Structures are given as C-alpha cells and as structure tokens.
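Scroll down for the structure; my scribbles are underneath it.
Please treat every number below as a calculation from the coordinates, not as lab data. Bear in mind that the values here come from a model prediction, so they are computed numbers and not experimental data. Neighbour counts run over all protein chains shown; Cβ positions are idealised from the backbone, glycine included.
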Amino acid sequence: MPAPASPRPTRTRNPRGEGGRLRDDIVAAATELLDESSDGSSVTLRSIARRAGVAAPSIYRHFPDQPSIMLAVVQQAFAMLEAELRSARDAAGSDVRGRLLAICNAYLDFAHNHPGRYRTMFGGVWMPDLSDSSVIEGDVSLLSGPSLALLAGALDDCVRAGCATGNDPAADAVALWLGLHGLAHQRLMTVAFPWPADIAERLITALAHLKDA
C-alpha cells in the first residue's frame, strides 16, 4: 500500500488574476501522487488537496470533479510523450529508418520511465462513466492522435524511401502502436520475464514491414 500523501504547507492565496497557478499546482500534485503510487486509485480529491496545500473546496473553482483533474494529467502526459517522440525523431537525423526506430524506442522508454502515467494514459480506474461525468468522449478520443501521427509519418517516410514494404502507413502505424503498447505493458507487468535483448527491434521490424538493413 502506498504511503499517505505528504501534505505541503498550507498554500497562501494567489494574488488576484493568478488563479491559473492554483490550477497548475493541482495538476502537478495529482501527477506527483500518480508517479509515487503508479495507481490512479490513490489520486483522490482529498489527497490532491492535501498535497497541493489547499482546502478541497478550492479545487472546484478549477475542476468540477476528480476525472477532470486526471484528464488534465493525461493530456499533459500525452503532450510530454509527443515532445519526446518528436525530439528523438529530430535527433536521429536524415536516415528515415533510424528516425522510425528512434520514435519507437522513445515510446518504450517513456513507458519505462513513467509507469504510473503510462498506465493511466490508456485507461485505468480514472476513466469515468462518460454519461455521468464532466469528461466527454471527445476529450478522450483524440488524446493519442499527435503521437500516432508522428509514427504514421515516420512509417510513410520509410515506404517512400523504399526501406519498408507497407502499403497503408496509417493502418500499419496502428498495428505498430499496438505492438509497442503490448510490449511496454508486458514489460511493466512481468518484470521477471527473460525478454530477448532484441525483442523491440524484432517487433518494430516485423510490424513496420522494414526491409533488411
């Protein structure tokens, strides 16, 4: 069982016009709790308020309920994932195969480095009943779009360069993402399994239809 959330000192009221700082503090507190516990069930309104150093009613000025806070945490995590994938792609230079591999490996690294956020990004106990929550379907359905677009673009570049044989980069990107997600998830859940050293490269090569280098 995770240790109780450590309260911050009671927070002083923001000057007029700086209420956005409290919103950011609330999201940061929820993210810290999630990182510490790796389980969204421990991120409650009460624990968030305690960690942020505010009274629980203060949260309602910025978020109507706990799922809306978790949505903000997840949106921030997806933006972070996209930035890391984009950075890995750009650092790989002009080699299209290298860019695709860099994106895929950055994805796996993100899941490894941020297990609590990663699990929460793709569901978990935070996901509300969309018929009875401030969170709506449109808030959730587009979360992974930018990251998937980066993956599809890298695949398309490989096909155009002749180093991959796929004929539907968009569909292949979904298949590749499912493979990466499955590997990332299983690595988090079955840490004692003797994974082959080249399992990621094998998976990426097969699902991206990459030719031999």
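Taking only the Cα atoms of region 51-126, the radius of gyration and Dmax are 16.5, 53 Å. Local charge for E82 was computed over the other residues whose Cβ lies under 13 Å away, with Lys and Arg +1 and Asp and Glu -1, and equals 0. Charge dipole of region 66-207 (Cα centre as origin; +1 on each Lys and Arg Cβ, -1 on each Asp and Glu Cβ, all else neutral): 340 debye, rounded to the nearest 20. Taking amide hydrogens as placed 1.01 Å from N in the peptide plane, the amide H of A164 sits under 5 Å from those of V159, K211, each at least 5 positions away in sequence or on another chain. Residue ranges 99-110, 189-200, 150-161 sort as 99-110, 150-161, 189-200 when ordered by packing (mean number of other C-beta atoms within 10 Å per residue, highest first).
The residues neighbouring P169, those whose beta-carbon lies less than 12 Å from its own, together hold a net charge of -3 under the Lys/Arg +1, Asp/Glu -1 convention.
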